[in-house]
Structure formats: structure tokens, C-alpha cells
Amino acid sequence: MNRFLFMLAAAWVTVSNPAVAQRGRPVRQPFPEQGFWVAHTSSGQQGTVVRYYANSITQVSEVHYSRTLNVSRLSARRFLNRRLKAELCRSSSCPREPPLYQMDP
């Protein structure tokens, strides 16, 4: 229940923010094109668990990283956005082009 409320609040903040709606996506705060990710770091363990979700709030995958990811850094957010895009394409949420031998001449 708490996870749903958090996702709903995050979606509301993103949609209701007029600065983001007018200018598009800000450079310092990169948002993924589709889906979202949630990073969880336990205080007793070393490493980070990242869960990737599609737009329909269905979990696509869960990845355990041995290093702690600092999501306040721009490079970490860009890395997670690229991984999210790859995970969504792997789960067939990404449109793919047909192979060359199946295309009509």
C-alpha cells in the first residue's frame, strides 16, 4: 500500500510541476522516457537493490548491485535510466524492427 501511494505521489508531482511541463525534461534531473526505477540500500548491507517498473506499475526486473549507488549523483541516475530502457526492451515493452529477411522488398 505504501509503495502505491509513493508512486502515485511521484507521478502527481511530475505531472503537476509546470516548470517540467513547459521546458520539457531538465538536464540536471533526467527522467526516464518510459517506466521508473526504485533504488533501495539497506544500512546493514553493502550494495543496492534496484527494481525496474513499466508504466503500468508492473515490476519488470530486480537487480542487485554489489556497490552502493548514490542516486543523488547525475551519473548514477543516467546509468539507471539506461538500464531501465534496456530492461524494458528485454521484457518486450520496446518496439523492435523485424529482421531483414522478413521485410517486404
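Each value in this text was obtained by applying a stated rule to the coordinates, not by laboratory testing. Just so it is clear, the structure is predicted and the values come from calculations on it, not from any experiment. All Cβ positions, glycine included, derive from the backbone under ideal geometry; neighbour counts span all protein chains shown.
Add +1 for every Lys or Arg and -1 for every Asp or Glu among the other residues with Cβ under 13 Å from the Cβ of V63, and state the total.
Values: positive: R51, R67, R82, R83, R90; negative: E62, E87.
Around V63, the charge tally is +3.
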Next item on the list: Obtain the nm distance between the two label points defined at T41 and C89 by a simple spin-label model: each point lies 7 Å from its Cα along the Cα-to-C-beta direction.
Entry: 2.8
